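Visitor: Sharing a structure here in structure tokens format.
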């Protein structure tokens, strides 16, 4: 935030500024969660956020234009997050993935990381935690 409490790029490095322009895709069957995550990311300055509530649309959404990061719920009807992640990473292995889930079991977290997620957020998570993980994943893609 700048001195007026608004988002700005004052003091932001060129690479950090470029990260703010990358495409982020958010997938969750819960419309309220998708909207909340979209608003959180946009408030932080990420201007290219695409969303869907349909896991069946996730792969096409990720491939329709260059996508840097996928935020993905693990447990959704129709196709779970593991299936979506596998399909996306098979066709676009450079996309970074952050999964979020209410399942805090070690098994679920290890399975997600083993399947290609760069990090796992356990619901409910804080705004700062989300932004920290997003920043780390975008920085790691360079």
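Visitor: Please go through segment 64-81 and give me each residue that is modelled with pLDDT of 95 or more and not in a loop (DSSP other than H, G, I, E, B), ordered by number.
Guide: Result: 69, 70, 71, 72, 73.
Visitor: Quick one: is residue 92 free of Cβ contacts under 8 Å to residues at least 60 places away in the same chain and over 17 Å from residue 30 (Cα atoms)? Give the derivation first.
Guide: On the way: free of Cβ contacts under 8 Å to residues at least 60 places away in the same chain: yes; over 17 Å from residue 30 (Cα atoms): yes.
When the stated conditions are applied, residue 92 passes them.
Visitor: Right, here's the next one. Please give the number of the condition residue 94 fails out of (1) in contact with a helix residue (DSSP H, G or I) (Cβ under 9 Å, 6 or more places away or on another chain); (2) part of a loop (DSSP other than H, G, I, E, B).
Guide: (1)
Visitor: Residue pairs, Cβ under 8 Å, 6 or more apart or interchain, first in segment 109-133 and on the phi > 0 side of the Ramachandran plot, second surrounded by fewer than 16 Cβ atoms within 10 Å (Cβ to Cβ). List them.
Guide: Listed pairs, sorted by first residue: 116/86.
Visitor: Could you say which residue among 92, 87 is surrounded by 13 or more Cβ atoms within 10 Å (Cβ to Cβ) and closer than 12 Å to residue 69 by Cα?
Guide: After applying the criteria, what remains is 92.
Visitor: Determine which single condition residue 111 fails, assuming it passes every other condition in (1) over 19 Å from residue 42 (Cα atoms); (2) outside any helix (DSSP H, G or I); (3) modelled with pLDDT of 95 or more.
Guide: For residue 111, the failing item is (2).
Visitor: Being exposed (fewer than 14 other Cβ atoms within 10 Å of the Cβ) and either under 12 Å from the mean Cα position of the chain (by Cα) or not in a helix (DSSP H, G or I) (or both) is the filter here; which residues of segment 24-40 pass it? Break it down into steps so the answer makes sense when it comes.
Guide: Narrowing segment 24-40 to residues exposed (fewer than 14 other Cβ atoms within 10 Å of the Cβ): 30-32, 39.
The one that is exposed (fewer than 14 other Cβ atoms within 10 Å of the Cβ) and either under 12 Å from the mean Cα position of the chain (by Cα) or not in a helix (DSSP H, G or I) (or both): 30.
Visitor: May I ask you to list the residues in segment 41-55 that are in a helix (DSSP H, G or I) and surrounded by 22 or more Cβ atoms within 10 Å (Cβ to Cβ)? Talk me through it step by step, then tell me what you get.
Guide: Taking segment 41-55 and keeping what is in a helix (DSSP H, G or I), we get 41-43, 55.
Answer for segment 41-55, where residues must be in a helix (DSSP H, G or I) and surrounded by 22 or more Cβ atoms within 10 Å (Cβ to Cβ): just 41.
Visitor: Going through 104, 58 one at a time, which residue ends up being modelled with pLDDT under 95, in a helix (DSSP H, G or I) and touching a strand residue (DSSP E or B) at 6+ places or on another chain (Cβ under 7 Å)?
Guide: Numbers: 104 fails: in a helix (DSSP H, G or I).
Exactly one residue qualifies, and that residue is 58.
The values are calculated or read from the model by the stated rules, or taken from the named source; none is laboratory data. Because the structure is a prediction, the values reported are computed rather than measured. Ideal geometry is used to build each Cβ from the backbone, glycine not excepted, and the neighbour counts take in all protein chains shown.
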